[in-house]
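Below is one structure; the comments refer to it alone.
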Amino acid sequence: MIHTYKHKWNTELSADCEKCFGLCCVALYFSASEGFPTDKEAGESCINLQSDFTCSVHKNLRNKGLKGCTAYDCFGAGQKVAQVTYNGCDWRKAPESAKQMFEAFLIMRQLHEMLWYLHQAFGLQTDKEIKDEINSLLDNTKGLTLLDARSLLALDVAVHRMKVNRILKNTSELIRAKAQGVKNTSVKKQETKSMTADYFGSDLRKINLRGADLRGACLIAANLRGVDLSGADLIGSDLRDADLSGANLTNSIFLTQAQINTAKGDSCTKLPRWLNHPTYWLK
């Protein structure tokens with residue numbers, strides 16, 4: 001199957017809670033200190049999960065300070081497990097499958113997250129050979145998401161992630177070099193910025209972050225107002241309470257909705273076309 005960047009992959013990889021069984025509210029470990037309702041163990045239901053799998057305080061999550069809930073994104077893994085892997089049979093009707101379903105959800109989320117990044121990489125890459133490799137990985141990963149529950153649980157996700165990460169790193173180096181104006185974009189020869197330090201609460205407005213390597217960077221409460229982040233790799237970076245007001249992230253790479261949901265911004269913040277401005281930014 002040949003993928004095109006114009007496919008609505010961002011819709012397919014977005015959560016549809018109405019088709020899920022509240023899996024994120026049960027399968028995950030919660031900590032009140034991280035913006036969740038209370039401390040809870042994985043496998044226990046959230047205190048706000050109702051019998052119809054909806055959240056009793058969903059409309060007031062932000063007002064209640066439940067940032068962990070507003071930021072979480074399953075990349076569409078919830079409805080995939082509920083409607084495809086388990087064919088619409090929920091864990092309450094079949095309690096014997098609950099533990100297996102929760103474990104399958106955790107694996108599915110990882111696969112869907114990889115699909116999210118691979119689709120972005122496919123659209124960014126210009127090397128035909130690498131695009132073909134990404135295309136193959138996309139098909140392979142999508143095929144894994146269609147496995148039955150037992151096969152999902154038997155997957156060595158770490159090995160598959162290594163293959164994906166190699167492609168993502170290659171793409172990152174290519175795009176960051178272009179953003180920095182580096183003429184020789186050979187992965188082996190280019191030298192690019194590395195921003196791997198802790199930038200907690202730092203004022204980064206006067207630093208040139210075009211094409212910066214911000215993979216996994218701690219940007220909690222950092223001041224990024226009006227900063228141009230074109231070509232910057234933000235995969236895994238922590239943007240909790242980072243101020244993105246007026247910042248340009250239009251061409252930032254490997255950014256997710258979950259990251260944006262944890263940050264601060266306004267109507268002037270420019271985002272990639274597949275991401276949305278949180279409603280509380282616009283008030």
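The values are calculated or read from the model by the stated rules, or taken from the named source; none is laboratory data. Keep in mind that what you see is a predicted model, and the values were worked out from it rather than measured. We place every Cβ from the backbone using ideal geometry, glycine too, and count neighbours over all the protein chains shown.
The residues listed here are S245, S267; of these, the one that is out of contact with any Asp or Glu (no Cβ under 6 Å at 6 or more places or on another chain), small (G, A, S) and over 15 Å from R62 (Cβ atoms) is S267.
Checking the stated criteria, K142 turns out not to satisfy the condition of being among the basic types (K, R) and surrounded by fewer than 13 Cβ atoms within 10 Å (Cβ to Cβ).
Among the residues of region 123-142, those that are under 20 Å from the mean Cα position of the chain (by Cα) and either at pLDDT 95 or above or of a type in the set (A, V, I, L, M, F, W, C) (or both) comprise L124, I134, N135, L137, L138, D139, N140, T141, K142.
Screening region 1-18 for residues that are loosely packed, with under 15 Cβ neighbours inside 10 Å and assigned to a helix (DSSP H, G or I) and picking the one that is modelled with the highest pLDDT gives E18. When each of L115, L106 is tested for being touching a helix residue (DSSP H, G or I) at 6+ places or on another chain (Cβ under 7 Å), crowded, with 21+ Cβ neighbours inside 10 Å and in contact (Cβ under 8 Å) with a residue 40 or more places away in the chain, the lone residue that passes is L115. Going by the conditions given, is T141 in contact (Cβ under 8 Å) with a residue 12 or more places away in the chain, hydroxyl-bearing (S, T, Y) and part of a helix (DSSP H, G or I)? Considered against the rule, which asks whether it is in contact (Cβ under 8 Å) with a residue 12 or more places away in the chain, hydroxyl-bearing (S, T, Y) and part of a helix (DSSP H, G or I), T141 comes out as yes.
Could you list, in sequence order, all residues of region 60-75 that are free of Cβ contacts under 8 Å to residues at least 12 places away in the same chain and assigned to a helix (DSSP H, G or I)? Listed by number, the list holds a single entry, N60. What about L106, is it farther than 17 Å from L255 by Cβ, at pLDDT 95 or above and part of a helix (DSSP H, G or I)? In short, yes. Of the residues making up region 272-283, those that are surrounded by 14 or more Cβ atoms within 10 Å (Cβ to Cβ) and either more than 14 Å from N10 (Cα to Cα) or among the acidic types (D, E) (or both) are H277, P278, W281. V26 passes every criterion in (1) assigned to a loop (DSSP other than H, G, I, E, B); (2) over 18 Å from the mean Cα position of the chain (by Cα); (3) of a type outside the set (D, E, K, R); (4) buried (at least 20 other Cβ atoms within 10 Å of the Cβ) apart from (1).
For region 151-183, filtering for residues that are without any contact (Cβ under 8 Å) to a residue 40 or more places away in the chain and under 30 Å from N87 (Cβ atoms) leaves 6.
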